[in-house]
Amino acid sequence: MATSALLLAAAAFSLLFAVATPIRDIADACSSQVQEFKHLNGSALYLSLHHPRGPCSPAAVPSDLPFSAVLTHDAARIASFAARLAKTPSSSSSAARPITTTTSATSLDRPDSSLASVPLTPGTSFGVGNYVTRMGLGTPAKQYVMVVDTGSSLTWLQCSPCRISCHRQSGPVFDPKASSSYASVSCSTPQCTGLSTATLNPAACSSSDVCIYQASYGDSSFSVGYLSKDTVSFGSNSVPDFYYGCGQDNEGLFGRSAGLMGLARNKLSLLYQLAPTLGYSFSYCLPSSSSSGYLSIGSYNPGQYSYTPMVSSTLDDSLYFIKLSGMSVAGKPLSVSSSEYSSLPTIIDSGTVITRLPTSVYTALSKSVAGAMKGTKRADAYSILDTCFVGQASQVRAPAVSMDFAGGASLKLSAQNLLVDVDSSTTCLAFAPARSAAIIGNTQQQSLSVVYDVKSNRIGFAAGGCK
């Protein structure tokens, strides 16, 4: 859109004239009740994971946020995935969005001798549907609330002095000057060159040879700043020389988080940078809004999971593709051809709320669920959700639904995995038709343990991970 294009184009240039934006700390009422870091064993980290609308989330979204806003963010995320797979700008950024870099990383007070203008390609949108955890950064380490995203690679957070814009976040903004282990990254490094695949945008370079990253998202949010390295920590565990983005202009729908923790398949992601110490795997349990879950990075118990292979794709090698092979309602397979399940590529994602299915599969699922719940009063459609019922997911009698994947893995969906409450009196089927890619969203994954074993090229599911 024109407004976002002008904002992004002026981002770095405005550094010359802007005054640091004051940031107000937000109290975390539940911080004393939550143990953020635990040790599973010598080769894994265990972090508490919070639902964006959970009562103890350190960066909770407003309690009165209508579910229509969640669906709006979700649609932007779906559009950004579609744009990535098609390798074209999303509809929210149909025109190229240039950014002009004119700043010195050291002084930020004089223009570069030449202007660099590059088009920005939106990455994955994130906002009110993403889960959050805490991450330590710097020496001495301080904790920051981070959005966890399997669809993004580069980790970044807001950095002082925030000369252009920083959104309001929970806790203080990271101050590079207060960390004895902080260092900026030069433009000649392979990490700077690698930004083009990590952010889907080429890097820029300041007059003092500091690498500038540019991350833009499908909902017109963006972060621009300096590629940096510092010591990252989780509890008593720390890893030096962690590469991340130090954001000077961060605008959009990031909630109250400090930034984003990228877990995609890319050399600059948190997973890959920690892999030499912990290995190429992570697991999580996405909690409901009434509990806490976990994110574990490193080794796991392989015997408790059923697995499906990760599928290689030339569309985007940083995303996690799997193959949906079937679905059943009350033990009866859907009345669709088996080939329909694989008619679109399928991504598993931590940030999408509503699962998208090939249209024929969705139509059959909707019909079967409605038939199985014929004793429950129907409600009007809610936005894109057209199969709705009077009541709440915890109160209605829903059929057992199974999502089956290649290799024998399956997701057994409870009522809370099948339906989503859109208001105090209405619950809807938490699925919608897909256009360009099927996406297994986080509603269906809630309370289950999901492992991403990149080394073994497989994803596993297990029941009973959290509530």
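The values are calculated or read from the model by the stated rules, or taken from the named source; none is laboratory data. Here the structure is a predicted model, which means the values were calculated and not measured. Note that each Cβ is placed from the backbone with ideal geometry, even for glycine, and that neighbours are counted across all protein chains shown. All accessible areas refer to the heavy atoms of the entire protein, side chains included, with ligands and DNA or RNA removed. Shrake-Rupley method; radii C 1.70, N 1.55, O 1.52, S 1.80 Å.
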Calculated P(r) tail over 16 Å for region 127-208, as whole % of Cα pairs: 64
Volume per residue that the Cα convex hull of region 140-298 spans, once the total is divided by residue count, Å³: 122
Label-point gap, in nm, between Asp64 and Ser299 - each point 7 angstrom along Cα→Cβ: 5.1
Distance-filtered residues of region 247-288 - backbone nitrogen under 11 Å, label point 7 angstrom along Lys455 Cα→Cβ: 275-282
Region 250-319 shape via C-alpha gyration tensor axes, a/c threshold 1.5: oblate
Full-stretch length increase - Lys412, Ser188 - with 0.36 nm per residue and alpha-carbon distance subtracted: 75.7 nm
Rg(Cα)/(2.2 N^0.38 Å) for region 230-383, N = residue count: 1.35
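Work out the FRET efficiency for Ser312 and Asp175 from their Cβ-Cβ distance, taking R0 = 45 Å, and round it to the nearest 0.05.
Working: r = 42 Å, r/R0 = 0.93.
For Ser312 and Asp175, the calculated efficiency is 0.60.
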Where region 323-439 is the region considered: accessible area per residue in Å², 1.4 Å probe: 42
Region 276-400, relative contact order [Cα under 8 Å, separation at least 6], %: 15
Where Rh is the Kirkwood radius over Cα pairs, Rg/Rh for region 327-429: 0.95
Full-stretch length increase - Lys142, Ser339 - with 0.36 nm per residue and alpha-carbon distance subtracted: 65.9 nm
Label-point gap, in nm, between Ala381 and Ala86 - each point 7 angstrom along Cα→Cβ: 2.2
